Amino acid sequence: MNEPLQSYIRVGIVHFMAFPQCMGGEGPIIETASQIVQDPFFEAIEITRVKDAALRRQLRSILQESRMEAYFGAQPITLGGGLDLNHPDAASRRQAVTAVKEGIDQAAELGCKAVAVLSGKVTADKEAAMQRLVDSLLQLCDYAHQQDLKLVLETFDQVPYGKNCLIGPTSDAVRVSEQVRRKYPDFGLMLDLSHLPLIGESAADAIGAAGDHLAHVHIGNCAMDDPKHPAYGDNHPRFGAPGTRNDVPELTEFLRVLLNTGYLSTKERNVVSFEVKPMTGESAEAVIAGSKRTLLEAWRNA
């Protein structure tokens, strides 16, 4: 592609993955978020809960001052707490919904535009579990709409060495989205290049199946061939790391499909966010810089 990347994409980054020490709502949140917002390459940042109210106020100010578009990831809330939006036990399901609602409150406080969630675990009663998930999502959409926020469901793997989530294949995600959209038409799906090898779907398969349900995109990598790999499973290593699945060719193909389907266009300039995590001994700053170079190279080839 000869036209500038920024003519088609608002590049974002998942802050709590690039700086995993912040994932639990503590750590050097202000310092690391400041580092991102001062980089004009990025127009969007994805953040998660911040436990300290004073730090939330400080973070909101930084985001406003930098004119950075913010999104909220509730995935660490449910994953970290072992919570499940499609749990067969009603009390456990309510606990998960309540925790995400608390995340929605923080998202509104921080000035975010949307909140991302994921399904719970795979269960034997798949159809019933999907209905339980729809019920939870409807409750969360209702709560999010009260605070002028949208809700997005991210697709994940169904492998035991990954997240082993109900959603899951893109076709199942669309079935869930269709039901939620009957009441909340702005509900959508998030696809992540990192997850596609784990799900067993190509870019064309996943993006084609998602269609107009696609609302948000992550790009990254995974390791799934060697259980001894330090990033084995859904752990988002840097692009092109030895023993991993995604590099410039895979990202190029992903971008091509996004362009061909219209998700990326000069009219929409939708967000595409890096979700990359430094492995032990790696520098977050170097991994971020390498991700930017990978995206630029893939864009030139797209």
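The values are calculated or read from the model by the stated rules, or taken from the named source; none is laboratory data. Please read these numbers as outputs of a predicted model, since none were measured by experiment. Cβ placement follows ideal geometry from the backbone for every residue including glycine, while neighbour counts extend to all protein chains displayed.
Here is how the numbers come out for the structure above:
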{"item": "Selection status of A298, over 29 Å from H213 (Cα atoms) and in a helix (DSSP H, G or I)", "result": "no"}
{"item": "Matching residues in the range 208-248 - criterion: being under 15 Å from the mean Cα position of the chain (by Cα) and among the β-branched types (V, I, T)", "result": "V217, I219"}
{"item": "So K292, is it assigned to a loop (DSSP other than H, G, I, E, B) and modelled with pLDDT of 95 or more", "result": "no"}
{"item": "Qualifying strands (runs of 3 or more DSSP E) (wholly inside the range 22-128; at least 1 residues being β-branched (V, I, T) and either over 19 Å from C141 (Cβ atoms) or at pLDDT below 95 (or both))", "result": "44-47"}
{"item": "The range 126-155 residues that are among the β-branched types (V, I, T), paired with ones that are assigned to a helix (DSSP H, G or I) (beta carbon under 7 Å, 6 or more apart)", "result": "V134/V176; V134/Q179; V134/V180; T155/T170; T155/A173; T155/I199"}
{"item": "Looking only at the range 4-21, and only at residues there that are in contact (Cβ under 8 Å) with a residue 40 or more places away in the chain and not in a helix (DSSP H, G or I), the one that is surrounded by the fewest Cβ atoms within 10 Å (Cβ to Cβ)", "result": "R10"}
{"item": "Single match in D192, D186 (criterion: closer than 26 Å to H87 by Cα, surrounded by fewer than 18 Cβ atoms within 10 Å (Cβ to Cβ), touching a strand residue (DSSP E or B) at 6+ places or on another chain (Cβ under 7 Å) and of a type in the set (D, E, K, R))", "result": "D186"}
{"item": "Flag for A210 being in contact (Cβ under 8 Å) with a residue 40 or more places away in the chain, closer than 26 Å to H145 by Cα, buried (at least 18 other Cβ atoms within 10 Å of the Cβ) and not basic (K, R)", "result": "yes"}
{"item": "Condition check for A289: surrounded by fewer than 21 Cβ atoms within 10 Å (Cβ to Cβ), without any contact (Cβ under 8 Å) to a residue 40 or more places away in the chain and under 22 Å from H15 (Cα atoms)", "result": "yes"}
{"item": "Condition met for E31 (closer than 23 Å to R132 by Cβ, out of contact with any Leu (no Cβ under 7 Å at 6 or more places or on another chain) and exposed (fewer than 15 other Cβ atoms within 10 Å of the Cβ))", "result": "no"}
